[in-house]
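Structure first, commentary second.
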Amino acid sequence: YPKATTITRWGARSDKVLSLTFDGGPDPRYTPKILDILAEKGVKATFFIVGSAGALSTDLLERIYREGHEIGNHTYTHTDLEKMTTSQLRLELMLTQRLIQSRLGVSTLLFRPPFGVDDQAVSPTGFERLRAVQQLGYRIVGSEIDSNDWGYEQDQVPPSPDEIVETVLEQARNGDGHVVLM
């Protein structure tokens, strides 16, 4: 009988380790502060780069890599995968990959889709885009724990560091995963 598409997840851990990931930068306001804190604490993270932001802040892109953090692709314009064609998606991935290659001399195999369309595609279009990404050789990195450090309006007060930590730890205690989206 025909079978629905199967999505397999890798990387489950039984120990108490969290992977910190940052999406959408580099941002000249926040990324230097984040990098300073990570360096102070001796922590490495993965930064999913939006190509257009990386092109404007190549010094930060280079600093992220120089300090030993992983770099991932987060498209060039941070557009919802379901709102672009497969050709547009490939172009966005290629542009960001070329930026990373030209500035850092390395390539990335890591990809995180914008707007939470990850390994749980909600529509046939979303699944088709993820398959196209995989066919290009990328590993799609989900985001199991959401810090909600981004989920507030401009006129609202952002969550405090303590609130962010508690949000993450609560989800981790509930067994929601090990990959933290920030």
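Structure data summary
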{"item": "For segment 36-182, accessible area per residue (1.4 Å probe, heavy atoms of protein chains only), Å²", "result": "55 Å²"}
{"item": "Ranking by accessible area, most exposed first, for Val179, Val165, Val133, Val17 with a 1.4 Å probe", "result": "Val165, Val17, Val179, Val133"}
{"item": "Of Ala39, Ala132, Ala172, the one that fluctuates the most in a GNM where the chain has Cα springs shorter than 10 Å", "result": "Ala39"}
{"item": "Correct choice for Cα extents along the principal axes in Å that was computed from the model, options (1) 56, 47, 32; (2) 67, 37, 31; (3) 53, 41, 36", "result": "(3)"}
{"item": "Net lengthening on full extension, Glu166/Phe115 (0.36 nm per residue, minus Cα-Cα)", "result": "16.1 nm"}
{"item": "Among Pro113, Pro158, Pro32: highest mean-square fluctuation, GNM of the chain, C-alpha pairs under 10 Å", "result": "Pro158"}
{"item": "Contact order normalised by residue count of the chain, Cα under 8 Å, 6+ apart, percent", "result": "22 percent"}
{"item": "Residue-span extension gain [Leu91 to Asp59] - 0.36 nm each, minus C-alpha spacing", "result": "9.2 nm"}
{"item": "Mean separation of Cα contacts under 8 Å, 6 or more apart, over the residue count of segment 10-107: relative contact order %", "result": "26 percent"}
{"item": "Lysine pairs in the chain with Cα atoms under 27 Å, if 8 or more residues apart or on separate chains", "result": "6"}
{"item": "Sites Ala39 and Glu128, calculated FRET efficiency, Cβ-Cβ separation with R0 45 Å, nearest 0.05", "result": "0.65"}
{"item": "Apportionment of accessible area to carbon and sulfur, the chain, percent (1.4 Å)", "result": "53 percent"}
{"item": "GNM top mover of Tyr65, Tyr30, Tyr76 - the chain, alpha-carbon springs below 10 Å", "result": "Tyr30"}
{"item": "J(HN,Hα) series, segment 44-50, from Karplus relation 6.51 cos²θ - 1.76 cosθ + 1.60, nearest Hz, glycine and proline x", "result": "9, 9, 10, 10, 8, 8, 8"}
{"item": "Helix-only mean residue ellipticity at 222 nm for the chain, each DSSP H run of n ≥ 4 adding -39500 (n - 2.57), per residue, nearest 500", "result": "-12000 deg cm²/dmol"}
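The values are calculated or read from the model by the stated rules, or taken from the named source; none is laboratory data. Keep in mind it's a predicted model, so treat the numbers as computed, not measured. FYI the Cβ positions are ideal-geometry reconstructions off the backbone, even for glycines, and counts take in every protein chain you see. Just so you know, the surface numbers come from the protein's heavy atoms only, side chains and all, with ligands and any DNA or RNA stripped out. Shrake-Rupley method; radii C 1.70, N 1.55, O 1.52, S 1.80 Å.
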